[in-house]
Structure formats: C-alpha cells, structure tokens
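K.L.:
Here's a structure for you.
The values are calculated or read from the model by the stated rules, or taken from the named source; none is laboratory data. Just so it is clear, the structure is predicted and the values come from calculations on it, not from any experiment. All Cβ positions, even for glycine, are placed from backbone atoms using ideal geometry, and neighbour counts span all protein chains on display.
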Amino acid sequence: MTNKYDEFITDTMKANPSDPGWAALEARLIKLVDEEINPFLRSKGREMEQARHITPDVIERLMDAGLMQLLRPLMFGGIEAPMEVMYRVGRRLGYGDGSVSWVYTVANSHDHTIAMYPKHVQEEYWASARPLAASSFIPTGNAAPADGGFTLNGRWGFCSGIDYCDWIIIGGVAPADANSVPTMRYFLVPTSQCRIVDDWHVSAMRATGSKAVFLDDLFVPAERALTDQEVSENKAPGSGLHPSPMFAAPAWTLQGFSIGAAVSGIARAGFDELLTDFRGRYERKEPMIMGKLGAVQTHFSEVKAMLDCSDMFYESALTETFRQVNETRTVTLERRLQNRRDLSYSVLNAKRAVDILLPMAGARYIAEDKLLQRSWRDVGAASTHPALNWDGPALSGGNVLLGGEPTEPRY
C-alpha cells in the first residue's frame, strides 16, 4: 500500500514526532475531513444506520483520502505518523458520523498492538489485502494450550468494523501449559478463520457493525499470542522494533483514547443542528418559539460550556500524554490515572449535554432524519462502554486522592 502523504514526510519528521511538519500534515488532514469527508458522511448517515454497518463507499473514501493506516510503521512502507494525529482526525470524523469515527479510531489504534507481535507476524499482517484489525478483548470464549500454541473455541462479541478487517485481536485466558497459571492473552487471528455472525441489532451506534465471531477448535500459533503483561508493559517480542516513541509506551494508556474519541463530535453535531434551527425561527419571529424562553437560552449556554469542557478534557489529556511519550517514551502513573478520569468525564459531559438538548428540542426531533435524536442515542450507547463509564474511574480516582490504590485493573 502506497501512502498518499509520503511526499510530505521529511527525514527530520521520521526521526521526531514533535517536528512541526506533523502539525502541518495534521492541519491538512483536518481540513480534508471538514470540507470533503464529513459532508459525505452526513449524506450517508441514514443509509449506514439502516444497513447496520459502514458502507463500502465510505471505507473506500477514507482509504483514498489517505486517512487509514496513518500509524503503519516505516519498516513496512508507512509514514509512522504520531498517534495523536490519528486521534485528532478520528475526533473530527465524529462530527460527520459517530459510528465511522468509532470504527476508524478503534481499528487504527490496533496498529499499536500489532507492532508488539514478532516481526514475521507483523510482516504477514501488513502484507494482507486489508491490514486492519477488529478486536474483542473480553475473554468470553475458551482458550486452551496446545502443542506449539493454543486452541480457541466460543463466541466473542462487539467486533466493531470487522467487515473491513482481515484480522481480529481476541482476548482469552489460558495457561502456557497444563502446569502453569492461566494468563490473559491476546490472540491475533485472521478473520477468514472466523465465523462472523450478524447479531448487531441495537438501538444506537448501529453503523459500527459490531458483530460477533465464533471460533471452532481454531489453532493459533504461540507467536500470535501475547500476554497481558507483555502488552501492558510493552515487553512483547516486537517492542523496540520501530523507532517511534509511541511503540515503546504502554498500550492501554495510548489506546484508551480510541473509544471516547467520537463522543463530543457526535454531541456537537446534534447541538449545532438544534441551534441553527432555533436561531432561524428566532430571527423569523415565529410565535411561541421555544428560543424565547429564558430557560432554553440558559440551556444552550450551559450545553455549549459542557461540550467545550468535554473537548478540553480530551485534548488536554491527549496533549500531555503524548508530550510525555515523545520526551520519555513512557507515561507517568499520575497521568495515566488522570487520563481515566478525564476521558470518562469528557464522555459524561457530552451525555449530560444531549440529555438536556433533546427534551427542549420538541417532538419533531424524534424523527429519524434528525441528527439530534441519533446523537442522543449514540452518546448514550458510548457511555455504557466499560472504558467510558464514569463510575469506575470516579471510584478509583477518589480512592487514590484519599491515599489508597487504584481500584481499576487497567489505566
């Protein structure tokens, strides 16, 4: 795969993620998303919801625009862009379509995990026709040791974007052999060896196409299985293979930005739709206009502040995290704990915002052609994800503030 932006990447950019050239490329990509990609996504929104997956022409548009595989390592013909560039592009896509943004950031963030597998596994991954990976990390199926590897059986759900991925990373608990302690592992499996079942019949985030996969006595060689410790501490076989500092930093800390990236853009799309409508009716002096009510005017101001805070929480966490990564190749414990708080609170703010907007919008906004009702559904659905739900990081953060230890297993 030839990268569309090779000609913009200088040798100094390759050696330094903080080089100003990356900011210039990021601005170029954001402009492309705002002016070309998002209008197209808006035109496809209802069609994708009804199809319950992203349509092929949308994926093709993202590929043609050079937005996919920004993290592809230099060793395999990519530009190895800083991870924060991909996240900012993904956040902007959320304003065009939340499901597209969700799949985009999740699938592309997995390239960080791919870089931990042995070199020959990475070579196989990047040589595939569609080098993208879906995931289902929760170990709902069974994994058992076998000669030279492991055997997987069972069902794994919520595999977002799997229709367009040649690979999937599957979580399972298994000992290395009959005499060892069971360990959480992450198995890299070709989707061609999975039985994909379309069970994605949901009320929100419908276009993510987060279907389930079934595996029946599937053998996975040991080189395609990483332990949780290897992933969490970046001590896997592929660690150190690539020069970018992002590949040396803890996986869960960096990939934690993927799940919540879309949310404030989704909420802001609904907010802007309602604000534009109310402004027009206000200017036309329509009788009994809700916008004349002091409470409604106050709500608009409050929601705007909430969404601004949501953006600031996410962006400040992103900026500080990757400043540390680029300077030290790691992230402090304090920052990691604060990220869990800030990213979850960013989502909580967005959810509270759409919860205020929909009731005051009026009955016309429950129509399927309205962005706001979809924003309300999609933000609510996103907030149910274990990585975004406020209760976990709130409890953990409060316990740490009082002198205790983190209560969450990953941060």
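K.L.:
Sort through Gly294, Gly240, Gly280 and tell me the only one that's small (Gly, Ala, Ser), free of Cβ contacts under 8 Å to residues at least 12 places away in the same chain and on the phi > 0 side of the Ramachandran plot.
P.N.:
Gly240
K.L.:
Now for a different question. Tell me which helices (runs of 4 or more DSSP H) are completely within region 1-74 and hold 3 or more residues being surrounded by 15 or more Cβ atoms within 10 Å (Cβ to Cβ) and in the same structural domain as Pro118 (by TED's automatic domain parsing), or say none if there are none.
P.N.:
In region 1-74, the matching helices (runs of 4 or more DSSP H) lie at 20-32, 38-51, 56-64.
K.L.:
If you don't mind, there's one more thing I want to ask. Please enumerate the residues belonging to region 213-236 that are part of a strand (DSSP E or B) and either in contact (Cβ under 8 Å) with a residue 60 or more places away in the chain or among the basic types (Lys, Arg) (or both).
P.N.:
Hits for region 213-236 are Val213, Phe214, Leu215, Asp216, Asp217, Leu218, Phe219, Val220, Pro221, Ala225, Leu226.
K.L.:
While we're looking at this one, here's another question. Specify the residue that is modelled with the lowest pLDDT; the eligible residues are those in region 174-212 that are of a type in the set (S, T, N, Q) and assigned to a loop (DSSP other than H, G, I, E, B).
P.N.:
The qualifying residue modelled with the lowest pLDDT is Asn179.
K.L.:
Please work out if Val106 is in a helix (DSSP H, G or I) and buried (at least 22 other Cβ atoms within 10 Å of the Cβ).
P.N.:
yes
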